[in-house]
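Have a look at the structure below before the remarks.
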Amino acid sequence: MVLILIFFFCSVSPSYGYDPLDPKGNITIKWDLLQSNSDTNDVKVSLLNFQLYRHIEQPGWKLGWEWLGKEVIWSIQGAEATEQGNCSRFKGGQLPHCCEKKPLIVDLLPGAPYNIQTSNCCKGGVLSSMIQDPTKYAAVFQMNIGAGGAADSDFDMPQNFSLGVPGYTCAKPVQVAPSKYSSDGGRRWTQALGTWNVTCIYSQYQASTSPKCCVSLSAFYNDSIVHCPKCSCSCQGLPGSKCVKFGETPSLLQQVKDPNQEPPSIVRCTQHMCPIRVHWHVKQSYKEYWRVKITVNNLNILKNYSGWNLVALHPNLKSLTQVFSFNYHPLNQYGHINDSGMFWGVEYYNDMLLQEGEVGNVQSEMLLHKDEGLFSFREGWVFPRRILFNGDECVMPPPDDYPRLPKNTARAASFTLSIIFSSLFMLLIIFAC
């Protein structure tokens, strides 16, 4: 038994990126060889986000790979290479679009000219999750590649793929059944000469050495607020930890940022030092229902979160009745077990979580039914088991610190019952006399 446990913990490393809430989640790079000419090949590359709630936000994906030979990209539609590279070996005529051994491809920005667009392109590298917006989970571009001046046009699949997004690791290409296409509604189908899939998996441990969010708790039956644990994401004064005190603004040099790069992490100075704080407040109790208020605060000075989402794990979510001002979708990945769900903002209303300030928060309330034999205010049952923001797990307070019912609640209830029974007993004596 001990050997089995040792093997399990050694083989199932957190860096592998397995997520029990989204066990099949991945980003697949599909590479279709459409046509092979005398000295060039036409390929179609698709990026498909098969993750339920993780998405790629700005500055977007940057797809990279390594050619096995001296291939070059003669032309490209729906995307572009960041560098042309050294094309000096080509004399006269039009030069290739990219001669790099390891090209880096980025999506076109919205509003790109129509003559260089393809379907599902031009979103600035942003990929939505499957649940949040199924119409924006894919990106597509096409290329004409050549053998770099050699006469041989045999196609060699490139290797060493990368997404250019922290936390994602890509496997080796695997040849699969050729993709099929139809342009007349399914009457006639054509297929690619060859199709390869590259699977990329996310790991929070590889994306960042520290968490990015934390959770605070409160309830109507307790006056205390359980704050985020101290140093949840970092500690003030540590190397690389940058924060701005309340009432101050960062210097202009700190605010300058490259739109093609992730904004620098400068947060408001707090005891937890997290850019995102999620507050779960048990607001009210009714006869058959109970109400929860969720508030998400952005404490990042420079960064907005577009298309944000929140995942919560709680056993009473299976009886969720109504959600106000948020979208909601259950994550019932294990049949009848429905204890997790995804929240995200309403488009054009609160789908953008603005940077720290008076409007740097989004909030909602939800109404849940009290399941008989399951619901309880005791022992912190009404608080979530896990919270994830944009796919990253948030730091929860220790269970021993959860707001609890007042100690005299049970005594008061028993005292009330004793008074009732005593009154009834006295009435019986009076009537008997």
Problem - 0 to 90° range, to nearest 10: angle between helix 2-11 axis and the chain longest Cα axis - result: 50
Exercise for the section: Take the cross-link list 62/230; 44/212; 44/172 and give me the ones stretching past 26 Å between alpha-carbons. Expected result: 62/230; 44/212
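Count neighbours as other Cβ atoms within 10 Å of each site's Cβ, and list the trypsin sites (Lys or Arg not before Pro) in the stretch 130-224 that are DSSP loop with at most 15 such neighbours.
Passing both the DSSP loop test and the Cβ count: 187, 188.
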Completion exercise
With only helices counted (DSSP H, runs n ≥ 4, each -39500 (n - 2.57)), the per-residue ellipticity at 222 nm for the chain, to the nearest 500, works out to -3000 deg cm²/dmol
Exercise for the section: Report the GluC sites (Glu not before Pro) located in the stretch 320-411 that are in a DSSP loop and have at most 12 other Cβ atoms inside 10 Å of their Cβ, or state none. Expected result: 347, 358, 372
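Taking the solvent-accessible surface of protein heavy atoms with a 1.4 Å probe, what is the per residue accessible area of the stretch 27-205 in Å²?
50
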Problem - Calculated from backbone phi, Karplus (6.51, -1.76, 1.60) coupling profile of the stretch 67-83 in Hz, x at Gly/Pro - result: 5, 7, x, 9, 5, 9, 9, 6, 8, 8, 10, x, 6, 7, 7, 6, 10
Problem - Within straight-line cross-link reach of residue 287, lysines at Cα separation under 20 Å, skipping those fewer than 8 residues along the same chain - result: 318, 370
Practice task
Can you bin the chain into rounded, prolate or oblate? Criterion: square roots of the alpha carbon gyration tensor eigenvalues sorted a ≥ b ≥ c, rounded for a/c under 1.5, prolate for a/b above b/c, oblate for the rest.
Solution key: prolate
Practice task
Give the accessible area for residue 273 in Å² (nearest 10); use a 1.4 Å probe, count only protein heavy atoms, and leave out ligands, DNA and RNA.
Solution key: 10
Exercise for the section: Rounded to the nearest Å, what's the spacing between the alpha carbon centres of the stretch 369-409 and the stretch 76-105? Just the number, please. Expected result: 56
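Plugging the Kirkwood radius over Cα pairs into Stokes-Einstein for the stretch 27-205, at a temperature of 25 °C and a viscosity of 0.890 mPa s, what D comes out in µm²/s?
Diffusion coefficient, whole number: 145 µm²/s.
The values are calculated or read from the model by the stated rules, or taken from the named source; none is laboratory data. Source: prediction; values computed, not measured. Glycine also receives a Cβ, built like all others from the backbone with ideal geometry; neighbour counts cover every protein chain displayed. The accessibility values were calculated without ligands, DNA or RNA, using every heavy atom of the protein model including side chains. Shrake-Rupley method; radii C 1.70, N 1.55, O 1.52, S 1.80 Å.
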